[in-house]
Structure formats: C-alpha cells, structure tokens
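Notes follow once the structure below has been shown.
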Amino acid sequence: MTRPVPSRRHTIAEDLRRRIAAGHFKASERLPSEARLAALYTVSIPTLRSALALLQDEGLVEKIHGSGNFVRRPRHRLTYIGGKGAAAPWATASDPLRVSVHATNLPAYGHLTDLLNVQPHSPLTEFLAVTHEGRLPHSRAHLYVPRDLVPADLATGPQLPEEVEMHLSQLRPPLARVEERVSARLPTPDEMTTLRIGASLAVISITRVATDSAGRVVEASLLVLPSDRADALFTTRSMTEERISTT
C-alpha cells in the first residue's frame, strides 16, 4: 500500500518547523517575507500562506498584520483555579505576567441582565482586566459588579488590581454559591484583535457567577484564556474533608 504524498503546504510547514527547531529562525525573529519564502519554495503566495497557517495554528508562528510573520516565543502558561474560594480573575496572574484594570460604570443591558439577574438599566460597574506578558496581550477578563458594592473611587478609570480585589472583598457579602461554566470555542473577531491570536486558535471561555446567601448575584466574570497559554483546574473535596474543615 503506497503512502499518500504530503501536500506542498505540509512539506513547506515541516521544513520551516525543522528550521525553527534547529535555531535557524529564533524566538521573536521575523521570518523572511511571504514573497521571499514563496520564491524560495517555488510556490504561489496562497500556498505559502496556507503552510504558514499550519504553523500559526500550532502556536509556532505569529502573524502581526503590517509587520510580518514571527517565530513565537513559548507563552507563559497560567492555571485558572476554579471553585468558591477562587480569587478574582486577575489574581491568577504571576511573574512574568502583569495586569491592567480599567473600570467603567454602565447600565445592565442584553445578556448582562440575565447574567446578574437584574432589571434592564440597573447600575453596574465593569472591570476590564487585560493580562500582558511583556508587550504582548496574554488573556482578558470582564468582571461585572452591582454598583452599590463598588466604592466610588474604584468606579471609573484605571485601577491597581490588588486594590480592586481588596476593596471588593471588603464590601462583598460572603459567597454562598459559585457557578462556573467552561467551554472551548473559537475566538470572536474582537478577541482575535485584543489578544492578537489567529482565528483557529481555540480559547477557554469561563463564565463565573457568584451569589450570596440571599441569592443575589454579587459578581459575574467572563474570562477568555487562549488555549496555548492557560489551563483550568477544578478540585472537588470529599464530604469527609468538608466535615473536618468545619469542625
């Protein structure tokens, strides 16, 4: 039985893969232009781009519009820890990651009314947390909190992540229930632009809703973690462990 002949794009991708592994093209280095590579491999530009797309899907090459194709440095992986005791989305970051947080007041609309179980136009504060690794965006999270649980000095503008978490935890009632919905999907156009990822790189999407003992939603988080740089960990404690911890 004869083996199928590899397509031209797979042959080109394998050759570039070997060159990168051998150090011919180093991390963060710009590859030759697409026109030059197409001439080198004697193929059309579309065929060359198809080969590069394979490497982009693997996270080996990153295409930056207007600048070219670059060998990607392996991205730092973070682990999202799920469960009732989980910290705020930005608290999962650690060296070499840094987080910027920007707060905005807005009325509840669309899916937010269902997510927080509030009436349309109810006052909310949105915290947009974007994690960076060096100059590159790494992941992002939207945190929505009822306005009355947010101190006035945190309600707008850029904020320090640790101060936001400290103040919110002081005003927030004790959590009675946390529901987390995790899915893998392809990124939206907005996520592709913000996180500088390709259309075929799956993201881990986490929707986290926290309620207090009265059943009120006190926090709702929407996290987007590119799958090449994040894991999600959920630990279930046995009933015996629960009884021991409460005695």
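The values are calculated or read from the model by the stated rules, or taken from the named source; none is laboratory data. Everything numeric here is computed off the predicted structure, so don't read it as measured data. Here Cβ is always computed from backbone atoms with ideal geometry, including for glycine, and neighbour counts include all displayed protein chains.
Some notes on this structure:
- Tallying residues that are of a type in the set (S, T, N, Q) and either closer than 21 Å to Pro174 by Cα or modelled with pLDDT of 95 or more (or both) within the range 206-244 yields 6.
Residue-by-condition table, conditions (1) in contact (Cβ under 8 Å) with a residue 12 or more places away in the chain; (2) loosely packed, with under 12 Cβ neighbours inside 10 Å; (3) of a type outside the set (D, E, K, R); (4) in contact with a Leu (Cβ under 6 Å, 6 or more places away or on another chain):
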site: Ser44; (1), (2), (3), (4): no, yes, yes, no
site: Leu52; (1), (2), (3), (4): yes, no, yes, no
site: Asp57; (1), (2), (3), (4): yes, no, no, no
site: Asn69; (1), (2), (3), (4): yes, no, yes, yes
site: Pro74; (1), (2), (3), (4): yes, yes, yes, no
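- Glu191 out of contact with any His (no Cβ under 8 Å at 6 or more places or on another chain), modelled with pLDDT of 85 or more and under 21 Å from Leu97 (Cα atoms): yes
- Residue in the range 171-186 that is of a type in the set (A, V, I, L, M, F, W, C), at pLDDT 90 or above and under 30 Å from Asn69 (Cα atoms) present: yes
- Restricting attention to the range 171-192, the residues being surrounded by 13 or more Cβ atoms within 10 Å (Cβ to Cβ) and touching a strand residue (DSSP E or B) at 6+ places or on another chain (Cβ under 7 Å) number 9.
- Residue tally, condition more than 17 Å from Thr194 (Cβ to Cβ), under 24 Å from the mean Cα position of the chain (by Cα) and outside any loop (DSSP other than H, G, I, E, B), over the range 105-140: 10
- Here is the figure for the range 35-49: residues that are on the phi < 0 side of the Ramachandran plot and either assigned to a loop (DSSP other than H, G, I, E, B) or not assigned by TED's automatic domain parsing to the domain that holds Ile64 (or both) total 2.
- Among residues of the range 1-34 being of a type in the set (Lys, Arg) and part of a loop (DSSP other than H, G, I, E, B), the one that is modelled with the lowest pLDDT is Arg3.
- Among residues of the range 141-159, those that are surrounded by 13 or more Cβ atoms within 10 Å (Cβ to Cβ), part of a strand (DSSP E or B) and modelled with pLDDT under 90, counted: 1
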